[in-house]
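The values are calculated or read from the model by the stated rules, or taken from the named source; none is laboratory data. Since the structure is predicted, the reported quantities are computational estimates derived from the model, not experimental observations. Positions of Cβ are generated from backbone atoms using ideal geometry, with glycine treated the same way; all protein chains shown enter the neighbour counts. In case anyone asks, the SASA skips ligands and DNA or RNA and just uses the protein heavy atoms, side chains included. Shrake-Rupley method; radii C 1.70, N 1.55, O 1.52, S 1.80 Å.
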Amino acid sequence: MREGLVQIYCGDGKGKTTASIGLGIRAVGSGLKVIMIQFLKSDTSGEIKVLKTLEPNFKTFHFEKQHGFFWELSDEEKSELKNEIEIAMKFAKKVMDTEECDVLILDEILGVIENNLYSEDLLVDFIVSKKDTVELILTGRNVPEKIKDISDYISNITKEKHPMDIGIEARKGIEY
């Protein structure tokens, strides 16, 4: 790729990860290599099984043990999670430095920043030092201003109505 840009899928609506995966599949279809690192998620969602069939052109990575919801974690579990995220970001830096892929997706990295599990300034440094040949995709609900300022695309996916609002829990194959 000649000129990789920085894209963000954000907002309170459903579909940020789905959009980034769709972009990744499009990239694979055009002969590009994709790496997706997922944060704050398990590797049990339906799309991960399908993406494994696209290896080695679309690889997914998880560095975190299975934790519960963030707001339910003890301080010790949050500390452990923070360490796992730092390992994942070291891996992301290595991937970027070696230009191992054409598209790098950091799924839910903005949630990591929002929960103070990784430094916003370190993520800004990562983005600024991005190789020109790599398209960088970030997802999560809220985007800090510093990150907005250095991105090229921002797609805000907003919720107008959601089944959780009336007590319907996430459904396998649909929401995960």
**Report entry** Only one of PHE126, PHE69, PHE91 that is open to solvent by less than 50 Å² (accessible area, probe 1.4 Å), closer than 27 Å to GLY46 by Cα and aromatic (Phe, Trp, Tyr)
**Finding:** PHE91
Requested in this report: Go through the stretch 1-45 and count every residue that is under 23 Å from LYS90 (Cα atoms) and of a type in the set (Lys, Arg).
Outcome: 2
Report task. Please determine, by comparing only the residues of the stretch 129-152 that are of a type in the set (Val, Ile, Thr) and surrounded by fewer than 16 Cβ atoms within 10 Å (Cβ to Cβ), which one is nearest to LYS33 (Cα to Cα). Result -> THR133
Query raised in the report: Any residue at all in the stretch 101-108 that is within 12 Å of the chain's Cα centre (by Cα), acidic (Asp, Glu) and at pLDDT 95 or above?
Result: yes
**Report entry** Any strands (runs of 3 or more DSSP E) falling wholly within the stretch 1-68 and containing at least 1 residues that are farther than 22 Å from GLU114 by Cβ
**Finding:** 34-38, 58-62
Query raised in the report: So how many residues does the stretch 29-56 have that are open to solvent by 30 Å² or more (accessible area, probe 1.4 Å), touching a strand residue (DSSP E or B) at 6+ places or on another chain (Cβ under 7 Å) and at pLDDT 95 or above?
Result: 1
Requested in this report: Return a yes/no flag: does the stretch 78-90 have any residue that is at pLDDT 95 or above, among the polar types (S, T, N, Q) and more than 18 Å from VAL134 (Cα to Cα).
Outcome: yes
